[in-house]
1. For the charge dipole of the stretch 25-92, defined by +1 on Lys and Arg C-beta atoms and -1 on Asp and Glu C-beta atoms about the Cα centroid, which residue among L27, L67, A79 has the Cα displaced farthest towards the positive pole?
2. Output the relative contact order of the stretch 25-92, whole-number percent, from Cα pairs under 8 angstrom with separation of 6+ residues.
3. So how far apart, in nm, are the two label points at E70 and R89 if each is 7 Å from Cα heading toward Cβ?
4. State the percent of C-alpha pairs, over all pairs in the stretch 52-93, separated by a distance greater than 11 angstrom.
Amino acid sequence: MRRTPLSALPSGNALKGQGKRGEPCLLPKALAAKPDFPDALVNLGNLLHERGELDEAIACCEHVLELDAEVSEAHFNLATLQGRGRLRRRLLL
């Protein structure tokens, strides 16, 4: 499956560069129009991660991989998030 990048959606990193925080205004619209669009879901997972919502970000990555197991960014993000979750649990013990 060939994925078309959604260039209209800024990533979390692009938002940081602009000095903005929170959801970009186009992300909810893109997900409302096409709720299973992997690129938009990866961006949503990145934003959830930035906000510290690790469980939600993990669920987002897992959903992307259910849709398309070849999305390498989702694999990388999921591994990163799972590692942070394990570290957080260790620190809380």
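1. Sorting the options by dipole projection puts first A79.
2. Working: 53 pairs, mean separation 17.6, N = 68.
Averaging sequence separation for qualifying contacts and normalising by length gives 26 percent for the stretch 25-92.
3. 3.3 nm
4. Numbers: 524 of 861 pairs.
That fraction is 61 percent.
All of the numbers you see were taken from the coordinates with simple rules; none came from a lab. Here the structure is a predicted model, which is why all the values come from computation and not from measurement. Positions of Cβ are backbone-derived with ideal geometry, glycine not excepted, and every protein chain shown enters the neighbour counts.
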